[in-house]
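Here the structure comes first, spelled out in structure tokens, and everything after it is commentary.
The values are calculated or read from the model by the stated rules, or taken from the named source; none is laboratory data. Not measured: the values here are computed from a predicted model. Cβ atoms come from the backbone with ideal geometry, glycine included; neighbour counts cover every protein chain shown.
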């Protein structure tokens, strides 16, 4: 959890005493900027650990913005597991993998390739491409294989710590900046 330092709040209350709801405005604006910073840090930290595209991460993250009447904000990530085909499979073309062909490998963690035993890349009749594996001795059924979900990646201890540190740093800087901005006449 990220919070504004109480000494900063007390000092801002004294400075902004003449501006109606000045402290609340400054706090909500600073929190909103910290939320954006936290999202950016989450994307950067997750990409540092996992081989996943930034857009796939960004679309799962939701920011609940702060307002002067409700100065709290949240960064949440919701989403399902990401198809394994999005984790840099090699070979990457449909029809690869399977018996008598080069083994299919994927890179879920950055810099670490793992072999997918029995996995192959296939294009469905609908045009969907994925990494599949046969279940049982017959040709059907097939199951698509998935990697971790973004919320799981975001909840990793080192990622969460980096996100929180970035948000706290941004909040402290931006709160002072927003107080100064209100004093200079910006509404």
Requested in this report: Please go through region 41-69 and pick out each residue that is surrounded by 16 or more Cβ atoms within 10 Å (Cβ to Cβ) and closer than 24 Å to residue 25 by Cα.
Outcome: 66
Query raised in the report: Taking region 152-171, which residues are farther than 16 Å from residue 35 by Cα and part of a helix (DSSP H, G or I)?
Result: 152, 153, 157, 158
Query raised in the report: Are any of the residues in region 12-26 part of a strand (DSSP E or B) and either more than 18 Å from residue 153 (Cα to Cα) or not assigned by TED's automatic domain parsing to the domain that holds residue 171 (or both)?
Result: no
Report task. Restrict the check to region 99-109 and report whether at least one residue is touching a helix residue (DSSP H, G or I) at 6+ places or on another chain (Cβ under 6 Å), farther than 30 Å from residue 179 by Cβ and touching a residue at least 60 places away in the same chain (Cβ under 8 Å). Result -> no
Report task. May I ask you to say which residue of 75, 23 is closer than 29 Å to residue 182 by Cβ, in contact with a strand residue (DSSP E or B) (Cβ under 7 Å, 6 or more places away or on another chain) and either surrounded by 15 or more Cβ atoms within 10 Å (Cβ to Cβ) or at pLDDT below 90 (or both)? Result -> 75
Query raised in the report: Among the residues of region 98-110, how many are more than 16 Å from residue 86 (Cβ to Cβ) and either at pLDDT 90 or above or surrounded by 18 or more Cβ atoms within 10 Å (Cβ to Cβ) (or both)?
Result: 0
